[in-house]
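**Student:** Dropping the structure in here first, questions after.
The values are calculated or read from the model by the stated rules, or taken from the named source; none is laboratory data. Given the structure is predicted, the values throughout are model-derived calculations rather than measurements. Backbone-built Cβ (ideal geometry, glycine too); neighbour counts: all protein chains shown.
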Amino acid sequence: MSHAAPQPKNVLFILIDQMRADCLIGALADHVALPNLRALMGEAVSFAQNYTVVNPCGPSRASILTGQYAMNHRSVRNGTPLRHDIPTLPDEMRKAGYTPMLFGYTDTSRDPGRHHPNDPAIRTYEQHMEGFQEMLEMRLEMSYPWRADLINKGYKFNSYWDLHRPVAPDGGVPRLNDPAPYRAEDSDTAFLTNRFLATLPGYARVDPQENGQPGWFAHLTYIRPHPPLVAPAPYNTLYDPAQLPLPQRHGSQATEAALHPFFAATLQAATPASMVLGHPDLLPNDDTIQTLRALYLGLASEVDAHIGRVLQFLKDSGQEDNTLVVLSADHGEMLGDRHSWGKMTVYDAAYKTPLIIRMPGNGQRAGTVVQEITESIDLTPTILDWVGQEIPNSMDGASLLPLLRGEVPADWRSYSFSELDFGSAEGASLWQQTLGTEISESNLSILRDSRFTLVEFAADLPPLLFDHHGAGEMENVASHLEHQGDLARLGRQMLRHRMRNMDHSLSLHAITPQGPQQSQRQRPGRTKVQG
């Protein structure tokens, strides 16, 4: 009697750069059309309380792909090297027999101890992570294949950065939301998707043992809606700025800055003008802010349209039922909230990210939304768990497979933990100049539980405490007498978290007369309770 060969287990891991969680669940969800992501949510499990453990881009992706808190991998700034010997998602997937394909970028700064000073690999913080097979270079500051594609199609530009500036259709002075100098079908988002779809058909295997590989693994990373905010027609005017809600904020920047010394530099570090090219004198008035918000949402809709093409490919090629789809973002974007832009701050808008996972054979859970707290470091352990690869002790995250199946582990985490380094190794940062801090103390940690958010600083600065049963992030209650017990309790929790999650790469090994012995790390989720 013959038995059908098991289907290969494919993994499609999509990251959208700087995508706010509330575009799908929250304040902006009713104001942006994301039909393909919403359709995916209807077929998958979504996570409403997912947070990145560190900002900005490079550190966040380092944490996602190593499963480690930044306090352990220490690639804490864009340009800070990631140690070469840390276990990573691509390395572990290779152990499972996969060729880890990268379409896009990881913003990994390579270990200089492994490269000659003249090696181009350590001349850019946008290098791809070792272990990946770079199928297409699509780095924000490079993107040479996309440049070549535009040149071959007849586009003329003097500087690469001219592609990131709006152009006036009549040849005059460009307005803020004039279109990009390329057609929508020729955008970087379209080009990346086209190349992905041109490549993947060759990896749709009928025989799962072909070439000795169990299936394919692809990491697809979209740069949009990351700034510079410039969108091709029709996405540049897809949304009417006047119809969008205003940001959540106090009445003035001065009021925001008065909440804590940290915010004075934060408000200066990223401004509306820093979100675009070609408009250095932008005033932070509501017209400007709403136009930028509309551009951001237009770019999000463009990404959604192309992700729809990718998901349709899985359906059309018969791979939907054997492909794990994990979709998230590296971090969020303030988008004018609290008079702030970018992600170098402490507020949820900069750390809360969408997370959608469609797992084969999990159709009974389609459309559900998980409220348990999850972190970006959980994504790599989840993928490894699904393909049957052991999760290294170095990884701080936990597999989400129990939550995907509707099982709420009795020991699941009750808080999230994030970090931000605001110093600079290339000279004092704006925060260092403003606060008078040394580089090693220019960092903060954030702990969020079901009611409070605590922000503690390494420098001698007062903490921030937000009570979400009160005014939330709009009021710092750290000095209120009635919250001193909460402040002390959360401070102890943060200390214990750091103590319990110090680097476990080798700490669970023992050298004995019988040779090396190793214990397995205990993670949240080991005690399952059927939901």
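**Student:** Test residue 299 against the criterion of being touching a Lys or Arg at 6+ places or on another chain (Cβ under 7 Å), of a type in the set (A, V, I, L, M), within 22 Å of residue 59 (Cα to Cα) and in contact (Cβ under 8 Å) with a residue 60 or more places away in the chain, and give yes or no.
**Tutor:** For residue 299, the condition - touching a Lys or Arg at 6+ places or on another chain (Cβ under 7 Å), of a type in the set (A, V, I, L, M), within 22 Å of residue 59 (Cα to Cα) and in contact (Cβ under 8 Å) with a residue 60 or more places away in the chain - is not met.
Quick grid of which residues meet (1) more than 23 Å from residue 28 (Cβ to Cβ); (2) modelled with pLDDT under 95; (3) aromatic (Phe, Trp, Tyr); (4) not assigned by TED's automatic domain parsing to the domain that holds residue 325:
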{"position": "167", "(1), (2), (3), (4)": "yes, no, no, no"}
{"position": "183", "(1), (2), (3), (4)": "yes, no, no, no"}
{"position": "205", "(1), (2), (3), (4)": "yes, yes, no, no"}
{"position": "222", "(1), (2), (3), (4)": "no, no, yes, no"}
{"position": "234", "(1), (2), (3), (4)": "no, no, no, no"}
{"position": "237", "(1), (2), (3), (4)": "no, no, no, no"}
{"position": "242", "(1), (2), (3), (4)": "no, no, no, no"}
{"position": "247", "(1), (2), (3), (4)": "no, no, no, no"}
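**Student:** Taking the stretch 101-126 as the region of interest, how many residues are more than 19 Å from the chain's Cα centre (by Cα) and either assigned to a loop (DSSP other than H, G, I, E, B) or buried (at least 16 other Cβ atoms within 10 Å of the Cβ) (or both)?
**Tutor:** Of the residues in that region, 11 qualify.
**Student:** Which members of the stretch 395-411 meet the condition of being surrounded by fewer than 21 Cβ atoms within 10 Å (Cβ to Cβ) and either of a type outside the set (Asp, Glu) or at pLDDT 95 or above (or both)?
**Tutor:** If the condition is that a residue be surrounded by fewer than 21 Cβ atoms within 10 Å (Cβ to Cβ) and either of a type outside the set (Asp, Glu) or at pLDDT 95 or above (or both), then 401, 405, 406, 407, 408, 409, 410 are the ones that fit.
**Student:** Let me confirm something: among 443, 501, 476, which residue is farther than 20 Å from residue 264 by Cα and of a type in the set (S, T, N, Q)?
**Tutor:** Just one listed residue meets the conditions, 501.
**Student:** Here is a further query. Looking at the stretch 203-215, can you tell me whether even one residue there is part of a helix (DSSP H, G or I) and within 18 Å of residue 339 (Cβ to Cβ)?
**Tutor:** Residues of the stretch 203-215 part of a helix (DSSP H, G or I): 203, 210-212.
Now drop any that are not within 18 Å of residue 339 (Cβ to Cβ), which leaves none.
The answer is no; no qualifying residue exists.
**Student:** Considering (1) part of a loop (DSSP other than H, G, I, E, B); (2) surrounded by 21 or more Cβ atoms within 10 Å (Cβ to Cβ); (3) outside the structural domain of residue 64 (by TED's automatic domain parsing), say which one residue 392 fails and leave the rest.
**Tutor:** (3)
**Student:** Of all residues being part of a strand (DSSP E or B) and without any contact (Cβ under 8 Å) to a residue 60 or more places away in the chain in the stretch 128-176, which is surrounded by the fewest Cβ atoms within 10 Å (Cβ to Cβ)? Just the residue, please. Before the answer, list the steps.
**Tutor:** As a first pass, look at the stretch 128-176 and keep what is part of a strand (DSSP E or B): 133-137.
Of the ones still in play, those that are also without any contact (Cβ under 8 Å) to a residue 60 or more places away in the chain are 133-134, 137.
Details: 133: 13, 134: 17, 137: 16.
My answer is 133.
For (1) at pLDDT below 95; (2) closer than 23 Å to residue 443 by Cβ, each residue gets a yes or a no:
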{"residue": "67", "(1), (2)": "no, yes"}
{"residue": "70", "(1), (2)": "no, yes"}
{"residue": "103", "(1), (2)": "no, no"}
{"residue": "112", "(1), (2)": "yes, yes"}
{"residue": "124", "(1), (2)": "yes, no"}
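**Student:** Of all residues in the stretch 214-245, which are touching a helix residue (DSSP H, G or I) at 6+ places or on another chain (Cβ under 7 Å) and within 30 Å of residue 431 (Cα to Cα)?
**Tutor:** Passing the criteria: 222, 223, 224, 225, 227, 228, 229, 230.
**Student:** In the stretch 354-381, how many are within 22 Å of residue 455 (Cα to Cα), surrounded by fewer than 24 Cβ atoms within 10 Å (Cβ to Cβ) and not aliphatic (A, V, I, L, M)?
**Tutor:** Qualifying residue count, the stretch 354-381: 1.
**Student:** In the stretch 234-254, is there at least one residue being within 20 Å of residue 193 (Cβ to Cβ) and either surrounded by fewer than 18 Cβ atoms within 10 Å (Cβ to Cβ) or touching a Cys at 6+ places or on another chain (Cβ under 9 Å) (or both)?
**Tutor:** Scanning the stretch 234-254, I find at least one residue that is within 20 Å of residue 193 (Cβ to Cβ) and either surrounded by fewer than 18 Cβ atoms within 10 Å (Cβ to Cβ) or touching a Cys at 6+ places or on another chain (Cβ under 9 Å) (or both), so the answer is yes.
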